Amino acid sequence: ENQRVFNFSAGPSMLPLEVLQRAGAEITNYQGSGMSVMEMSHRSKVFQKIFDDTQAKFRAALNIPEGYKVLFLQGGASTQFSAVPLNLIGTTGKADYAVTGNFSKLACKEAQKYGAISVAATSEDKNHTYIPAQEQLKLDPEAAYFYYCANNTIYGTEWQYVPETGAVPLVCDMSSNILSRPVDVSKYGVIFAGAQKNMAPAGLTVVIVKEELAGKELPYTPQMLGYKLMIDKDSMNNTPPCWCIYILGLVLDWLESQGGVAGMEKIKHGKAKLLYDAIDASRLFTCAVEPGSRSDMNVVFRTGDEALDAKFVAEATAAGFTNLKGHRNVGGMRASIYNAMPVEGVEKLVDFIQAFDKAN
Ligand code: PMP
């Protein structure tokens, strides 16, 4: 009854066991401070050190160049759907959006409040089972930015290339694949991600901003959404999500022990390959996502028979593989295999899939 399950939740999702254990060991008295990180002032020396160390570790993990600021904010990735246009669209009044799933569609819809939005590409014609190729992007050289979502959590697709947009800054939602692979940050204007998949508990949103793009927000931008203010205040215009920042620091230590993002890229790709190979080799299961567009983080699959899908999910849950039911937009199953999912969890799920395939 004290057994941990292999939790395939799309987010919030598994955290590394070592991180939970360390947080547990420090929960009543953080390094002799006599209090929990949850209880300390964000203006205290001891918390400032946690903040600074986490910033430094995050920058090192993604090799973030000078000229970029890392912000630790709140409001979830969804708040950035508003913050991005509010901060950036003012320069030309228009922006390009690639709509490849639920969250880029929501971002695109929100941006329409603030300027002229052009859908530069959409995969809606095939129910978001693929990522458009570079040649398919209809790019406006006067766009204030080009927006895309690097990994589509619901549809199980992932961009395998960085769009070429010339002088137009790239804005990217990396909520569901950040820290799973190296990123050339210098190619981007803004990168943002909610923490609750690969980084920390829900409540922290990490935003990487090219500093020269900040300070041109629309005049009615809520102050808390202005990048310039948060840059000037080092993310502490108000109380930041202290606990989440602390956990992110622990996760980054763990990531380092896995070989950093380069190490993680190999590990996560190996896990995804195990799963896709098992699905492709099975009699019952299929993955509708085109091979060159498949996500290494969210693997969607189905039998084509809803009752059989439900049976699979129920039996898997009973066997300790939880949260495999697909999103209601897609149906079927989804295995979210973020950084913290152990290889063992995927290997055992593969065994389970193979046994189910034989038995049904
Ligand atoms: N973008 C992506 C890619 C997501 O997967 C999610 C949530 N699952 C969101 C945005 C929305 O994030 P939040 O709940 O933090 O607002």
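The values are calculated or read from the model by the stated rules, or taken from the named source; none is laboratory data. None of these values were measured; they are calculated from a predicted model. Here the Cβ positions follow ideal geometry from the backbone for every residue, glycine too, while neighbour counts run over all protein chains shown.
Are there any pairs with C-beta distances below 7 angstrom linking a residue in the range 117-131 that is in the same structural domain as E290 (by TED's automatic domain parsing) to a residue that is of a type in the set (G, A, S) and surrounded by 20 or more Cβ atoms within 10 Å (Cβ to Cβ), with the two at least 6 apart or on different chains, and if so which?
From residues that are in the same structural domain as E290 (by TED's automatic domain parsing), there are no pairs.
Give F312, F301 a once-over and let me know the one that is in contact (Cβ under 8 Å) with a residue 24 or more places away in the chain and in a helix (DSSP H, G or I). I'd like the intermediate steps shown before the answer.
On the way: F301 fails: in a helix (DSSP H, G or I).
On inspection, the qualifying residue turns out to be F312.
Show the residue pairs that are 6+ apart or on different chains and have beta-carbon atoms under 7 Å apart, the first residue being within the range 254-283 and more than 20 Å from I178 (Cα to Cα) and of a type in the set (D, E, K, R), the second being at pLDDT 95 or above and assigned to a helix (DSSP H, G or I).
Filtered contacts from the range 254-283: R283/D357.
Working only within the range 59-105, note down all residues that are in contact (Cβ under 8 Å) with a residue 60 or more places away in the chain, more than 13 Å from the ligand (Cβ to nearest atom) and polar (S, T, N, Q).
Passing the criteria: N63, N87, T91.
Could you say which residue among Y161, Y220, Y188, Y227 is surrounded by 24 or more Cβ atoms within 10 Å (Cβ to Cβ) and either over 20 Å from V84 (Cα atoms) or not hydrophobic (A, V, I, L, M, F, W, C) (or both)? Step through it out loud before you land on a result.
Details: Y161 fails: surrounded by 24 or more Cβ atoms within 10 Å (Cβ to Cβ); Y220 fails: surrounded by 24 or more Cβ atoms within 10 Å (Cβ to Cβ); Y188 fails: surrounded by 24 or more Cβ atoms within 10 Å (Cβ to Cβ).
Going through Y161, Y220, Y188, Y227 in turn, just one is surrounded by 24 or more Cβ atoms within 10 Å (Cβ to Cβ) and either over 20 Å from V84 (Cα atoms) or not hydrophobic (A, V, I, L, M, F, W, C) (or both): Y227.
Under the condition of being more than 21 Å from C244 (Cα to Cα) and not basic (K, R), which residue from the range 191-215 is surrounded by the fewest Cβ atoms within 10 Å (Cβ to Cβ)?
My answer is E212.
Quick check on the range 271-328: of everything there that is in contact with a helix residue (DSSP H, G or I) (Cβ under 9 Å, 6 or more places away or on another chain) and hydroxyl-bearing (S, T, Y), which residue is surrounded by the most Cβ atoms within 10 Å (Cβ to Cβ)?
S295
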